[in-house]
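Below is one structure; the comments refer to it alone.
All of the numbers you see were taken from the coordinates with simple rules; none came from a lab. Note that the structure is predicted; figures quoted are calculated from it, not measured. Note: ideal-geometry Cβ built from the backbone for every residue, glycine included; neighbour counts use all protein chains shown.
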Amino acid sequence: MKISLFWFLILVFVIILIRSSVFERIHKYENEMKMLKQNVIHLEGATTQAKTTIPSWFNYRAGEFSGVAYKWLYGVDKGFWHIVNITRHCPNDECELVYIFEGRHTTQDYRCPLCGKYYHPHGDEYIRPLVRHSIGKKFGIDTKAVFA
Ligand SMILES: [Zn+2]
């Protein structure tokens with residue numbers, strides 16, 4: 001009698017373990033799908049694969065290039081991924097930089113509204129190839145086949 005109660009408790013414990021791991025996976029999948037829906041902006045014309053598959057690099061959405069921090073999102077259009085919504089941030093406090101013109105010739109044309117430091121960030125046309133290059137190196141993929 002004692003032994004069967006022992007095995008019953010073991011069984012209950014195993015069931016609890018399995019259930020929690022299954023729920024954890026479902027929860028993780030739901031979160032990923034929610035994130036994908038929030039971040040994919042242009043879904044028109046996307047292939048079924050691009051719509052349903054979350055790429056390995058999808059969470060790579062921030063990086064520092066030449067002393068300025070950048071953040072971006074990904075969108076899909078006509079089966080190819082695009083780097084969109086690029087924003088410039090202060091590497092010290094992550095605050096979004098503001099374009100300023102103070103009536104003088106300067107290369108420090110952006111300023112952090114929080115700490116007051118000046119920056120000269122890259123334009124989007126420089127950031128896109130830098131991000132693609134970084135994805136290729138970090139995740140070992142041929143970005144030419146994935147990005148427009
Ligand atoms: Zn700052």
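In percent, what relative contact order does the stretch 48-145 have, based on Cα pairs under 8 Å that are 6 or more apart in sequence?
Over the stretch 48-145, the number comes to 17 percent.
Given H placed 1.01 Å from N in the peptide plane, which residues other than close sequence neighbours of Tyr74 have an amide H under 5 Å from its amide H?
Those qualifying (amide H under 5 Å, at least 5 residues apart or on another chain) are Val84.
With θ taken as phi - 60° and the coefficients 6.51, -1.76 and 1.60, list the Karplus ³J(HN,Hα) couplings across the stretch 20-33 in order, rounded to whole Hz; mark glycine and proline as x.
5, 6, 5, 5, 4, 5, 4, 4, 5, 5, 4, 5, 5, 5
Applying a 10 Å radius around every beta-carbon, put 58-67, 83-92 in order of their mean neighbour count, most first.
Working: 58-67: 13.0, 83-92: 16.9.
Ranking the peptides 58-67, 83-92 by packing returns 83-92, 58-67.
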